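Working notes, structure below.
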Amino acid sequence: MEEAGETGEMNAREAEEEPKPSLFPLFPLSDSSLQSTSKVPQWLYNPSFTTDLSVVQESLASRDNITSQEREEGEDDEEIPQAKPPPYDLLKSSASDEDRDTESRRERRGEKNKKKKRKRRRSREQADDDYSSRKSAVHAWAGSDTKPAKDYYFDSRGDRDNLAFGSLYRMDVARYKLHNSSRLSESHTKVWNRWKNWDLLVDGDEDIDALDGKLRSGGRYWSTKFSALERHREFKRVRIFALDKSLMVPGEFIPLDETSSESADGRSPSKMEVIEESWDDEVLRKTKEFNKISRECPHDERVWLAFAEFQDKIASRQPQKAARLQTLEKKISILEKATELNPDNEELLLCLLKGYQRRDSAEVLIERWQKILMQHSGSCKLWKGFLHVMGSDFSRFKVSDMRRMYANAIQALSTTCAKLCRQVHQTVKPLSVDSSVVQLEQGLVDIFVSLCRFEWQAGYQELATALFQAEIECSLFCPSLLLTEQSKQRLSEHFWNSEGARLGEEGALGWSTWLEKEEENRQKIIAEESAQENEGGGWTGWSEPLSRNNVTSKDSDDFVEDAVGVNDAGEEFETEDVKLEDDIEDLLKKLGIDVETGVEGEVKDTATWTRWSEEELSRDSEQWMPVREKYGASRTNDALDREGDEQLLRVILFEDVSEFLFSLSSEEARFSLICQFIDFYGGKISSWTSTNSSSWIENNISLEALPDSILEDLRKIHEVVNRSDGSSSNFNLEFLLGSSTDVSRRTSMMKFLRNAILLCLTAFPRNHIMEEAALAAEELFMTRMNSCICTVTPSRALARTLLKNDRQDILLCGVYARSEAVFGNIDLARKVFDMALGSLEGLQLELQSNSPLLYFWYAEVELANCRGSSLESSSSRAVHILSCLGSGVKYSPFTDQPSSLQLLRAHQGFKERIRALRSGWARGDIKDHAVALICSAALFEDLTSGWAAGIKVLEEAFSMVLPERRHQSSQLESLYNYYIRMLQKHHKQLKLSAITESILQGLQIYPYNPKLFAAFMEISYLYTVPNKLRWIFDDFCHKKPSVIVWLFALSFEMGRGGSRHRIHGLFERALSNDMLHNSVILWRLYIAYEMDVASNPFAAKRIFFRAIHACPWSKKLWLDGFLKLNSILTAKELSDLQEVMRDKELHLRTDIYEILLQDEIES
């Protein structure tokens, strides 16, 4: 053993003297080093593998000796291997001939076995050579001076056993044994022995089942002992700790990134430290840090919010309820101190109120909300939070209470807006205040639209429509008179109670125009009366007036006679009413209905409640327009009188809407009101706001059904999934919700919407977004009214009428031409485009600035018309159109392909015009025509220079804007959507990773954009495994939860027939989120999935009661229980549900007695 040890030491010294080659060389070695190992495979050409193995053998032998010595010392916790038995020699004896023959046969048989073993060994060696040939492409190794072509190589052929058995071999997975890190400073021998003993246990090809029981019970990944130890609060862990400086930065500026890894003094810029601490130590350390930072930066809200969030983390680790409540008290005290130092910070106030909500009762919580709102009455965010709390409290919810809270919010915010407007007029430089006014008014519009949506979903559709009519009249068409608020209210009431047509009705003129017409008519009447008096002229003599006593006596006599008649009629009516009531009671008793027992005992069949809910839905879809007060006055027949009484309930008085009206002074807020009005009634409108805006997010959360814009994207995903899987699954989100739109309702609604938009165009002249919405509403109205196929574009008549009124509206020409192209009239569309572009020079400069939009629309229309042989012609036309825009020459209709000189001028012209946009974009001044110019330049480069040049133009445009300005810009979001469409168009030429990375980068900026999610699904589903898509969806659901993310995740799983557990988990995770807990559409989808797909009615029943508890205002959600759960709910339960609906003051239009009478009549 000593000689072997000396030989090993000499070999080690020689190895140290020689230069050490790298273990995995990246560069090729010299020829001399390869000669000695010519028989070794090429991928093993490494001098490190030719080292004398005696050193390793001797070290292993020495390790065995150490092991035997330790075992002899008496380690009880290690298993002692049994010693080999002593050998015994067989005695020699004389063998017979038969024994010799037997021995010779055995020898021959042994030689055959040896030959077979040699063949098997050769075949294994040959297989190893074949297996090792996967490394043959590697010609460069580490340590060489030659630079390789690649810095790394992929091992494309792994372990074949993984494919054979379908998983990794469990003994190949690294396993570790926990040790106390405090003993790291002890001798190296103990650490080596500990590692050695563990290695001896798991060495070899032994399976886990072959190991001893102690290993099975004490393994790190499968034993309860270590799992409990990991969760112990005093268990210490070694961590790499870095000081988080982000909390110490106040936030008034953007810190520069530290590019260098070391500072001037040679130290690392970020302080890194390896520490060993338990959970209690971490709590103590972070508490000290937060206390220190909060004292140094008391006005930084991020410090206080992080401190409060850390208390939630502490509470999650505490199993006792009392300890969690104590931590909650500490969190509340922290936030109270933060709000004391920062009394106007809305985020801190909301966080404090959420803490109060977890601790206090409902009455105390509302008192705290009211106290804070009294101090911050002009905060839209706080009012929205308060309305959310009031609406989600099932025990206190009533429609009248919510309506009163909305009125308080609107009045408080409108008063604050009026004060700010007065301050704006008094200041010399009102720019900063003006921006605050715009932001506050937009928040006020959001709360008003939320009120209208609440009334609509609670069943008061007529009131919601009347609110929109009254507010738009008050904001857009208010008379230009210097009136006080009280005078304005009186004039508005006079207009509302008159016979003048309101917004959306036929012949509507607007409040101001109607008032002018009324004044003109009044002046005409006065003039006519004065003219008649002048024409009569002359003396007519004295006339004795009637005596006042005589008049009064006659009037009194008439009054007495009328009173007597009324009394007699009243007595007759009373007797008739008594008889009528007796008849009704007798009729109900014949039907088996006892009026005295109430509704609970009268309906014993669930089918009756089903028909009642269907009738209720039908009336909701029909009765959404308010009725004038004179509607029921002209009825004479008894049946018609009863119908008139029902119609009178749909009359909306001015007192019903007056407390919700306010005035808007900014154009942005007015335009936001009109756009949300169009979207509310299902109109098609292009992107008018960013998907990151609060209005867009709140609109998605409050959805009851899927809008057409989102349905289009979800249908694309469903088609992609079915096409790639080769199946046709009908279980999609549209199938679950069913067809809830009535054709007659949509037809009348589109007519109402068209009339309203046309009237609003007088306040927003030459607005192409509203003009496009008006033509789209006209198309839907005409298409649904005429079920036959239209041979003429439905909106052609309306478009031509608008063009006659304003022939200089070139964007209207573009909108009209695009609609003609959609219906296949490409020749007419070209004529309209050519006419509009040819008349640009004679227009004003303000109108000429919108020309990029017209050029870009024309080019897109030509490219969309590419079919077969017309592909080259359409692309040439598009290049000609874009070259005219880039070069700045006067447009001329297409005759031939543009010359190379014209293309060069257009290329340079686009560069110069884009360069001129840099200063404006840097300030955040981004217009629609500027975005159209960028898109035109990218499309021009794509058609002439290739797709790479076009994509480069778009990427350079994004670099002109600061990253923080991209989030709230709808123009930049539309530009990014076009960028993704171009990437999709050339996905075969691009790498999949580049497209996916661009889409995911866009989703980081716009996480609520359905177009980006649809593009991501279309690209990724074809080239990515489904499990990776699930990871990405789960990441977005965790970081940026929204209704859009969960809709696409659910659509993906249902389209491919995903696991029910996965879909169930998606629903539960979505509805456990505080923001999405009140999403009606998610609850409705969950109920429909459990009933129609999972076929679990009992689970659907439980989910239904959870849903109405979270969203008590949604009438459609309540009716889903009647329609879908009638097989599991009894008639008594359905009757109780209707009583609760009445108690919550939801608007019910149908009485159950009507259904019973209909059944009796039919029978």
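A compact table of results
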item: For R237, residues with placed amide H under 5 Å, excluding near neighbours; result: E277, S278
item: The stretch 1033-1163, accessible surface, carbon-and-sulfur percent (1.4 angstrom probe); result: 52 percent
item: Residue-wise HN-Hα coupling along the stretch 847-852, computed from phi with Karplus coefficients 6.51, -1.76, 1.60 (Hz; x: Gly, Pro); result: 6, 5, 5, 8, 4, x
item: Å² of accessible area per residue within the stretch 331-474, as computed with a 1.4 Å probe and no ligands counted; result: 42 Å²
item: Rg over Rh, two decimals, the stretch 852-988 (C-alpha only, Kirkwood Rh); result: 0.97
item: Solvent exposure, largest accessible area first (probe 1.4 Å, DNA, RNA and ligands not counted), of T689, T944; result: T944, T689
item: Listed pairs K371/K1039; K911/K988; K292/K1039; K398/K684; K236/K313; K236/K286 exceeding 24 Å between Cα atoms; result: K371/K1039; K911/K988; K292/K1039; K398/K684
item: Under 5 Å, built H, 5+ apart or other chain: amide partners of V651; result: V627
item: Anisotropy class of the stretch 1068-1138 from Cα gyration tensor, a/c 1.5 cut; result: oblate
item: Cα-based shape type of the stretch 979-1044, given that a ≥ b ≥ c are square roots of the gyration tensor eigenvalues and the cut on a/c is 1.5; result: oblate
item: The stretch 1107-1118 - phi-based ³J(HN,Hα) in whole Hz, Karplus 6.51/-1.76/1.60, Gly and Pro as x; result: 5, 5, 6, 7, 10, x, 8, 7, 5, 5, 5, 4
item: Packing-based order for 390-396, 919-925, using average beta carbon neighbours within 10 Å, highest first; result: 390-396, 919-925
item: Cα shape, the stretch 472-518, gyration tensor, a/c 1.5 rule; result: prolate
item: More than 17 angstrom apart: percent of Cα pairs within the stretch 315-358; result: 34 percent
item: Over the stretch 803-889: Kirkwood hydrodynamic radius from C-alpha pairwise inverse distances, Å; result: 13.2 Å
item: Average accessible area per residue (Å²) across the stretch 1061-1163 - probe 1.4 Å, nucleic acids and ligands excluded; result: 39 Å²
item: Ordering of 839-845, 947-953, 324-330, 1156-1162 by packing [mean C-beta count within 10 Å, highest first]; result: 947-953, 324-330, 1156-1162, 839-845
item: Average accessible surface area per residue within the stretch 922-1000, 1.4 Å rolling probe, Å²; result: 45 Å²
item: Computed over the stretch 982-1079: relative contact order in percent, which uses C-alpha pairs under 8 Å that are six or more apart; result: 20 percent
item: Per-residue SASA entry for F235, accessible area with 1.4 Å probe, Å² rounded to 10; result: 40 Å²
item: Backbone HN-Hα couplings from phi across the stretch 796-808 [Karplus 6.51/-1.76/1.60, Hz, Gly and Pro as x]; result: 5, 5, 5, 5, 5, 5, 5, 5, 5, 6, 8, 7, 8
item: Rounded percent of accessible protein surface that carbon and sulfur make up, the stretch 381-529, 1.4 Å probe; result: 53 percent
item: Accessible carbon and sulfur surface of the stretch 826-977 relative to its total accessible area, %, 1.4 Å; result: 51 percent
item: For L703, residues with placed amide H under 5 Å, excluding near neighbours; result: V1080, I1081
item: Where only C-alpha atoms are counted, convex hull volume of the stretch 1007-1057 per residue in Å³; result: 66 Å³
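The values are calculated or read from the model by the stated rules, or taken from the named source; none is laboratory data. All of these numbers come straight from a predicted model, not from anything done at the bench. Ideal geometry is used to build each Cβ from the backbone, glycine not excepted, and the neighbour counts take in all protein chains shown. With ligands, DNA and RNA removed, areas are computed over all heavy atoms of the protein, side chains included. Shrake-Rupley method; radii C 1.70, N 1.55, O 1.52, S 1.80 Å.
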